[in-house]
Every structure is written in C-alpha cells, then in structure tokens.
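Have a look at the structure below before the remarks.
The values are calculated or read from the model by the stated rules, or taken from the named source; none is laboratory data. Everything numeric in this text was worked out from a predicted model, so none of it was measured. Cβ sites come from the backbone with ideal geometry, for glycine too, and all protein chains shown count toward neighbours.
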Amino acid sequence: MKADFQSLLAALPQTASANYPLGTPFVSGMAHGSMRAELFVPACSGLGHDIQQPHTQDELYVVQGGRSIFCLCGERLQVQIGDLLFVPAGAPHHFEDFSPDFVTWVIFTATRVASANQTTQPHDPRTRFTQQTTSSTPESPP
C-alpha cells in the first residue's frame, strides 16, 4: 500500500461538516485492520485552532512540514518537520500556534490492550521514552 502525500495534500480541505464548516482538515491515506493513516493540516479548516478530542486508539504523529506547539496532558512541546510524537489512547492532546504550512501524518494503531504480564493501569503519557543505543564496535575485553 502507498499513500501519496502530494495527492492527499491537494485533496484538503475535505467536505465541510458541523465541526468544520469551512472544510475538514484531514484526509484518509490508508487503512488496514485496526491501523489507519491520515494526513492532517489544521490550518486548512479555517478555525485557527485544533479541536480534536482524545481517541480510543494510540496515535503516532510524523510532522511533515511547518511548526507548531503540541500539547499533551498539559505539557507543551515545540514540534517541527521530522519530529515523531506518540499519544496514548485516551490522552488529551492538540496542536496550538501552528504555522500555515504545518502538516502531519496521523497513524492510529491498535486499541491499547494490556497483556497478561502488564498492569492494567493506564500509561502516563508524560512519561519520557528513552532510546537505547548499542555500539557496533565490540566491547574491549576486561
């Protein structure tokens, strides 16, 4: 499957709705099973702000252009092209102060389900994820 960025961008805004009287600022790029990917351009709604609500699925955002402030559970982060953002299911979040050219992929993943080895406590979205790196150079013997 392939989602063509330029074609999807040209298709925005989508048809107006009650929440978006000047046009819907997102368009579906692809879907498979419980995964779906959309292109989101909040400025094209003409509202001047992002009105999205928490979702039932985890989300990944991949910023493709522009800049914005991303608000996640009260934390404010500056984001720009190339940034990757994670939002756990149910977490309040939105974009603020987005540039007119701000555009991001939104990837909705499988509904969050705890495994038998995990606690059923909700994940705290303010928890920082750390990237573990490994060296490609073998360690020196002791």
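Summed over segment 41-55, the residues that are touching a residue at least 24 places away in the same chain (Cβ under 8 Å) and under 14 Å from Pro100 (Cβ atoms) give a count of 9.
Per-residue answers, yes or no, for (1) within 13 Å of the chain's Cα centre (by Cα); (2) polar (S, T, N, Q); (3) within 19 Å of Ala110 (Cα to Cα):
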| residue | (1), (2), (3) |
| --- | --- |
| Leu9 | no, no, no |
| Gln14 | no, yes, no |
| Ser17 | no, yes, no |
| Glu38 | yes, no, yes |
| Gly48 | no, no, no |
| Ile51 | no, no, no |
| Arg67 | no, no, no |
| Glu75 | no, no, no |
| Gln78 | no, yes, no |
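Residues of segment 92-116 that are modelled with pLDDT under 95 and over 12 Å from the mean Cα position of the chain (by Cα): Ala110, Thr111, Arg112, Val113, Ala114, Ser115, Ala116. Identification of strands (runs of 3 or more DSSP E) wholly contained in segment 1-119 with 2 or more residues that are buried (at least 17 other Cβ atoms within 10 Å of the Cβ) yields 26-32, 35-40, 57-65, 67-72, 84-87, 93-96, 103-111.
Being under 16 Å from Phe108 (Cα atoms) and touching a helix residue (DSSP H, G or I) at 6+ places or on another chain (Cβ under 7 Å) holds for only one residue in Val27, Val62, and it is Val27. Scanning segment 1-29 for residues that are farther than 16 Å from Phe102 by Cβ and among the aliphatic types (A, V, I, L, M) turns up Met1, Ala3, Ala10, Ala11, Ala16, Ala18, Leu22. Taken over segment 75-109, the criterion of being free of Cβ contacts under 8 Å to residues at least 40 places away in the same chain and not hydrophobic (A, V, I, L, M, F, W, C) is satisfied by Arg76, Gln78, Gln80, Gly82, Asp83, Pro88, Gly90, Pro92, Asp97.
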